[in-house]
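The values are calculated or read from the model by the stated rules, or taken from the named source; none is laboratory data. Model, not experiment: these values are computed from the prediction. Every residue, glycine among them, receives a Cβ derived from its backbone with ideal geometry; neighbour counts consider all protein chains shown. Each accessible area value is taken on the protein alone, full model and side chains, heavy atoms only, with ligands, DNA and RNA left out. Shrake-Rupley method; radii C 1.70, N 1.55, O 1.52, S 1.80 Å.
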Amino acid sequence: MKWAFVSDFDGTISKKDFYWIIIEKYFPEGHELFNRWKDGEMKDIEFLSTVFASIFKEEEEIKQEILTIPIDEHVPSFIRRVQENGGDFYILSAGTDYYINHVLEKYGITGVEVFSNKGFFQEKNIHLDIDENHNHFSERYGIDKAKVIQSIKEKYDVVYFAGDSEPDSHAVPFADLTFAKDALIGLLKEKEAAPFFPVNDFKDIEDYLKRNGVLSS
């Protein structure tokens, strides 16, 4: 069986969204912006682009902030376990690969392909490079998670997915099984449309996959 595990980053692999780190330390106006976003006055990509472009620090200082992003301590070993058992691991994020790649490097995580909005440092901020002609483009999120999962699914017999929030809900119908955290649990209970298993962290996911013979004990 050819299989893959696809995971969201912010709030799923990480314990805190990177935009909150920026808002709390560099951009207090972001609290009001967050409320406007949640009230539907801004698209997700507009909110994130504004926050990421409101840091005004040298790149080395921004990198140091990125390295403070707390992650689920089970993730590095879980990724290795997936790879050791013949699975491929992907990260699928509506944030940006700019900070995700730094986090992967910090923990020595290799062999993981990242699907996310392209990001780059310029003039003391992080900017997003959104390609509207890309086949994964989403006007709201920058990247369409449903389209990415569908493209990954073409290469595998089974695709597992893990997520925690509304953007992830669009990918769920195209995964074979979703491991849901936090707000995503309630959203999927309301939809009652796709199979999911509620979890608190990657230890719960690993235990499930061990019980079901996907991962060796």
* Set of lysines near K15 by C-alpha distance (under 18 Å), chain-local residues within fewer than 8 positions excluded -> K25, K63, K106, K181, K203
* Asked: Once you list every other residue whose beta carbon is under 11 Å from the beta carbon of E139, what net charge do they have if Lys and Arg are +1 and Asp and Glu are -1?
  -> -2
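State, to one decimal in nm², a quarter of the convex hull surface area for the C-alpha atoms of the range 83-125, i.e. the direction-averaged projected area.
So the Cα hull casts an average projection of 3.5 nm².
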* Determine the gain in length on full extension of the stretch K2-E154; use 0.36 nm per residue of separation and subtract their C-alpha separation, reporting nm with one decimal. => 53.6 nm
* Of K124/K147; K118/K145; K2/K118; K147/K210, which sit over 21 Å apart, Cα to Cα? -> K124/K147; K2/K118; K147/K210
* How many nm separate the modelled label positions at F137 and F120, each set 7 Å beyond the Cα in the direction of the Cβ? -> 1.7
* Asked: Expressed in nm to one decimal, what extension gain is obtained for the pair H102 and D176 from 0.36 nm per residue of sequence separation less their Cα-Cα distance?
  -> 23.7 nm
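Between K63 and E190, what's the calculated FRET efficiency when r is the beta-carbon distance and R0 is 30 Å? Round to 0.05.
The calculated FRET efficiency here is 0.15.
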* To do: First check a/c for the range 1-80, with a ≥ b ≥ c the square roots of the eigenvalues of its C-alpha gyration tensor; if it is under 1.5, answer rounded, and if not, answer prolate when a/b is larger than b/c or oblate otherwise.
  => oblate
* Specify whether the C-alpha gyration tensor of the range 41-168 places it in the rounded, prolate or oblate class, a ≥ b ≥ c being the square roots of the eigenvalues: rounded for a/c under 1.5, otherwise prolate if a/b is larger than b/c and oblate if not. => oblate
* **Percentage of interatomic Cα-Cα distances in the chain larger than 21 Å** => 54
* From the backbone phi of the range 165-173, what are the Karplus-calculated ³J(HN,Hα) couplings (6.51 cos²θ - 1.76 cosθ + 1.60, θ = phi - 60°) in whole Hz, Gly and Pro given as x? -> 8, 3, x, 6, 4, 6, 8, 3, x
* To do: Give me the accessible area of T68, 1.4 Å probe, in Å² rounded to the nearest 10.
  => 80
* Structure fact -> From the Cα centre of the range 162-217 to that of the range 9-79, the distance in Å is 23
